[in-house]
Amino acid sequence: MEKTTLTEKGIAEFNVEEIRRNFPILSTKAHGKPLVYLDNAASSQKPQVVIQKLVDYYSSLNANIHRGVHYLSQKASQEFDDVRVKVQEFINAASEREIVFVRGTTEAINLVASSFGRKNLNAGDEVLISAMEHHSNIVPWQMICEERKAVLKVIPMNDRGEISLDEYASLLSSKTKIVSIVHTSNSLGTVNPVKEMIRLAHAKNIPVLVDAAQGIVHTVIDVQDLDCDFLAFSGHKMLGPTGVGILYGKEKQLEDMPPYQGGGEMISSVSFEKTTYNEIPFKFEAGTPNIADVIALGTAVDYYKSIDRNAAFEYEHYLMTECSRLLAEIPGVRLIGTASNKASVVSFVIDNVNAMDAGMYLDTMGIAVRTGQHCTAPVMQQFCIPGTIRASFMFYNTIEEVHALIEGVKKAIKLLK
């Protein structure tokens, strides 16, 4: 691989040391060593402003929302509602009515599979996903297909971890009722040509759901430009807290879908004879929501808006490319996932070294990576491996941390082989 360098513009506009000071956990030690956190695809770390927002909410704002007339409830309701607008603007949705608060990407996909699926899938109909999907974008569709006697079809990928648009197009048919595709693979780093995939599906009036759990972190996503029907992502991967995520849905799609759960908030009126449902998005938000974490997610969105995101993306790509180049130079190391368009994930295996053993050894050096199948068992089956070692980057990582990983891998090979 040719050595890459960050452009002068990127260097000038992105100060990683200043960024790192915003993340208190990065000064932590692990096993007495400086923490090198390279498990960002699993969950990102949180800036101090997000942590403080949670503290502030529980210290001075804690109350249930949309029900109380008292000061705390009114103020908490306003802060909660403001986040819906922030997210709408963040992804350029046409209306705040298209933003549904959920627990994460998994619940968002389950909501669509359950609600859209029960309304639109019948025996013999087809759902189309890809060979690189996370389990969260496989299992919900398997469940609803089994229930409705529909068929789950899989878009193949090549040995670089790329989808063929021609093969994808050949699978689209009058039987296809929805396409559900990952934007950026969590185990391979592949960035799929989702805009073109959506265009091809829409040419046959097929709606498309995009799993953007990784994509939202490493690129600017404009749902109106993509023209996707649904988009799902999680707060905890994008600097926010766990337990909160977003389902974006085009207004017409959400209007046509039945509720996912029943309870308070999602109703307009209730009697023992009949219940009528609330308007969107509240129709899909039964019960007391995750108020504190939604408000903190709004602060994470504010943090993203405070930095030069394009410079951050360029910097992350630099770290990923350098890591890939240096790993490929180590005898016995094989990269898994070498697509031409990749985001900040580097997966690899070491000849005759168990991935978990290597990960545990790296941990003794303070280096946090993920090992295993990464909830993409079919991907591992295609590559005929039990799992990989995965290093995943955020804009607060450094080139020194990349070098620490490389030295750690060399030491692991010497010890474990």
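Every number here is computed from the coordinates shown, using simple stated rules; none is lab data. Note that this is a predicted model, so its numbers are computed, not measured. Cβ atoms come from the backbone with ideal geometry, glycine included; neighbour counts cover every protein chain shown.
Which three extents, in whole angstrom, do the alpha-carbon atoms of region 198-330 cover along their principal axes, largest first?
Largest to smallest, the principal-axis extents are 70, 42, 29 Å.
State the percent of C-alpha pairs, over all pairs in region 283-417, separated by a distance greater than 21 angstrom.
51
So how do T219, T190 line up by other beta-carbon neighbours within 10 Å, fewest first?
Result, fewest neighbours first: T219, T190.
Pulled fully out, how much extra length does the chain show between T219 and T288, if you take 0.36 nm times their separation in residues and subtract their Cα-Cα distance?
Gain on extension, T219 to T288, equals 21.7 nm.
Pull up the cross-link candidates among the lysines for K33, meaning alpha carbon to alpha carbon under 16 Å and not fewer than 8 places away within one chain.
Within the straight-line cut-off, K33 pairs with K411.
Any idea what % of Cα-Cα pairs in region 14-119 are farther than 23 Å?
When all Cα pairs of region 14-119 are counted, 53 percent exceed 23 Å.
Fewest Cβ neighbours within 10 Å first, please rank L226, L415, L128 accordingly.
Sorted ascending by nearby Cβ count, the order is L415, L226, L128.
What do you get for Rg/Rh over region 61-305 if you use C-alpha atoms and the Kirkwood form of Rh?
0.98
Check which residues have an amide H placed less than 5 Å from T176's amide H, if you skip close sequence neighbours.
Residues meeting the criterion, in which the H sits 1.01 Å from N, are E126.
Helix 309-328 sits at what angle to the longest principal axis of the chain, using alpha carbons and giving 0 to 90 degrees rounded to 10?
It works out to around 40 degrees.
For the chain, set up a GNM with springs between Cα atoms under 10 Å and report which of D363, D159, D293 has the largest fluctuation.
Ranking D363, D159, D293 by mean-square fluctuation puts D159 first.
Quick one: work out Rg over Rh on the C-alpha atoms of the chain, Rh as Kirkwood radius.
Ratio value, two decimals: 0.98.
Would you kindly work out the equivalent ellipsoid of region 141-201 from its C-alpha gyration tensor and give its semi-axes, the square roots of five times the eigenvalues, largest first in whole Å?
Result for region 141-201: semi-axes of 21, 15, 11 Å.
Starting from the amide H of I155, placed 1.01 Å from N in the peptide plane, find each other amide H under 5 Å away whose residue is 5 or more places distant or on another chain.
When sequence neighbours closer than 5 places are left aside, the close amide H contacts are I129, S130, A131.
Determine which lysines satisfy two conditions relative to K305: a Cα distance under 27 Å, and not lying fewer than 8 residues away in the same chain.
The reachable lysines, counting only those whose Cα sits under 27 Å from K305, are K9, K46, K53, K75, K86, K195, K237, K250, K342.
Could you check what % of the DSSP bridge pairs in the chain are antiparallel, to the nearest 5?
Among the beta bridges of the chain, antiparallel pairing accounts for roughly 60 percent.
Once amide H atoms are placed 1.01 Å from N in the peptide plane, what residues at a sequence separation of 5 or more from I267, or on another chain, have their amide H within under 5 Å of its amide H?
N278
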